[in-house]
Amino acid sequence: MIAEFQIEAMCPEHWEQVRAIYLEGIQTGNATLEADAPEWKIWDAGHVLSPRLVACREEIMLGWAALSPVSGRCIYGGVAEVSIYIGEAYRGQGVGLALLQHLVQASEGAGFWTLQAGILKENLASRQLHARAGFREVGYRERLGKLNGVWRDVVLMERRSSQVGIE
């Protein structure tokens with residue numbers, strides 16, 4: 001376990017380190033089907049403004065988590081896709097679970113009733129992390145996309161809030 005770290009709101013000044021962590025995840029070949037991390041303006045436009053979180057110790061970013069809308073249609077306004085990435089040196093030390101738990105709590109405060117995550121089948125660590133944070137597997141999408149010329153399968157996980165919008 002990492003001795004001490006804080007979780008706080010992500011701001012544009014964090015982007016350089018956040019992007020570096022994203023690139024570390026991309027390099028694993030099991031974190032995403034993306035081949036590169038975008039520039040700030042593109043990333044910023046594709047994610048909801050809040051919550052966006054970073055785990056940090058002093059000025060060092062350990063990981064980050066954010067939400068993307070799943071649709072522009074208003075009926076899906078309370079449904080978001082989770083992105084969570086932990087720096088290579090900090091994986092398996094409790095940073096991911098703390099970030100994901102904070103993200104869940106903050107998302108409920110922001111009115112989200114469903115969080116979903118599409119996780120590459122081989123990424124067992126991420127699947128286990130999400131399960132520990134209350135997500136359940138709800139589906140499996142075969143050959144959803146190619147990465148480096150290889151078809152990849154994605155496991156769909158979701159977490160439904162017991163606090164928001166479901167009566």
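Table for the structure above
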{"item": "Among residues of the stretch 80-105, those that are touching a helix residue (DSSP H, G or I) at 6+ places or on another chain (Cβ under 8 Å) and surrounded by 17 or more Cβ atoms within 10 Å (Cβ to Cβ), counted", "result": "9"}
{"item": "GLN128 being exposed (fewer than 15 other Cβ atoms within 10 Å of the Cβ), closer than 30 Å to LYS146 by Cβ and modelled with pLDDT of 95 or more", "result": "yes"}
{"item": "Selection count where residues are more than 22 Å from GLU4 (Cβ to Cβ) and surrounded by 12 or more Cβ atoms within 10 Å (Cβ to Cβ), scope the stretch 46-79", "result": "13"}
{"item": "ALA55 being in contact with a Phe, Trp or Tyr (Cβ under 6 Å, 6 or more places away or on another chain) and either modelled with pLDDT of 95 or more or in a strand (DSSP E or B) (or both)", "result": "yes"}
{"item": "Selection within the stretch 145-155 - closer than 23 Å to THR114 by Cα and surrounded by 16 or more Cβ atoms within 10 Å (Cβ to Cβ)", "result": "VAL154, VAL155"}
{"item": "Extreme residue, surrounded by the most Cβ atoms within 10 Å (Cβ to Cβ), among residues of the stretch 21-45 that are of a type in the set (A, V, I, L, M) and touching a residue at least 24 places away in the same chain (Cβ under 8 Å)", "result": "ILE21"}
{"item": "Odd one out for ARG73, checked against (1) over 26 Å from ASP153 (Cβ atoms); (2) of a type in the set (Lys, Arg); (3) under 16 Å from the mean Cα position of the chain (by Cα)", "result": "(3)"}
{"item": "Lone unmet requirement of (1) without any contact (Cβ under 8 Å) to a residue 24 or more places away in the chain; (2) aromatic (Phe, Trp, Tyr); (3) not in a strand (DSSP E or B) for PHE112", "result": "(1)"}
{"item": "Answer from GLY63, GLY92, GLY134, GLY72 - the residue that is assigned to a loop (DSSP other than H, G, I, E, B) and under 22 Å from ILE21 (Cα atoms)", "result": "GLY92"}
{"item": "Leading residue by the ranking (farthest from GLU34 (Cα to Cα)) among those in the stretch 132-153 that are of a type outside the set (Lys, Arg) and touching a residue at least 40 places away in the same chain (Cβ under 8 Å)", "result": "LEU144"}
{"item": "Number of the condition not met by ALA45 [criteria: (1) in contact with a strand residue (DSSP E or B) (Cβ under 7 Å, 6 or more places away or on another chain); (2) farther than 17 Å from SER126 by Cβ; (3) at pLDDT 95 or above; (4) among the aliphatic types (A, V, I, L, M)]", "result": "(1)"}
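The values are calculated or read from the model by the stated rules, or taken from the named source; none is laboratory data. Bear in mind that the values here come from a model prediction, so they are computed numbers and not experimental data. FYI the Cβ positions are ideal-geometry reconstructions off the backbone, even for glycines, and counts take in every protein chain you see.
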